[in-house]
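Structure first, commentary second.
None of the figures in this text is laboratory data; all of them are computed from the coordinates on show. Note that the structure is predicted; figures quoted are calculated from it, not measured. All Cβ positions, glycine included, derive from the backbone under ideal geometry; neighbour counts span all protein chains shown.
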Amino acid sequence: MAVPKRKESKSKRNKRRIHQKVAVPNRINCLQCGDAMLSHHARPYCGTYKGRAVIGTE
């Protein structure tokens with residue numbers, strides 16, 4: 001079985017792991033109220049999606 005000859009340095013290890021990061025979710029501004037929201041999601045506060053009312057709010 002293959003065994004490493006030397007300990008891998010922290011910088012080498014971190015360079016290999018640089019692509020395993022978690023992506024930040026894409027946020028857009030709501031067309032109705034202007035607050036930040038996740039794209040492709042209905043806004044729970046104003047009840048709109050793509051400028052149309054889809055959820056009944058009080």
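Pairs meeting the criteria (first residue in region 23-35 and under 12 Å from residue 47 (Cα atoms) and free of Cβ contacts under 8 Å to residues at least 12 places away in the same chain, second residue part of a loop (DSSP other than H, G, I, E, B) and among the polar types (S, T, N, Q), beta carbons under 8 Å, at least 6 apart or on different chains) are lacking. For first residues located in region 37-58 and farther than 26 Å from residue 24 by Cβ, partners that are surrounded by 12 or more Cβ atoms within 10 Å (Cβ to Cβ) and lie 6+ apart or on another chain with Cβ distances below 6 Å form the pairs 53/47; 57/47.
Each residue in region 5-53 was checked for being among the aliphatic types (A, V, I, L, M) and part of a loop (DSSP other than H, G, I, E, B), and 5 of them qualify.
Assess whether residue 13 counts as being of a type in the set (D, E, K, R), surrounded by 10 or more Cβ atoms within 10 Å (Cβ to Cβ) and without any contact (Cβ under 8 Å) to a residue 12 or more places away in the chain. The answer is yes for residue 13.
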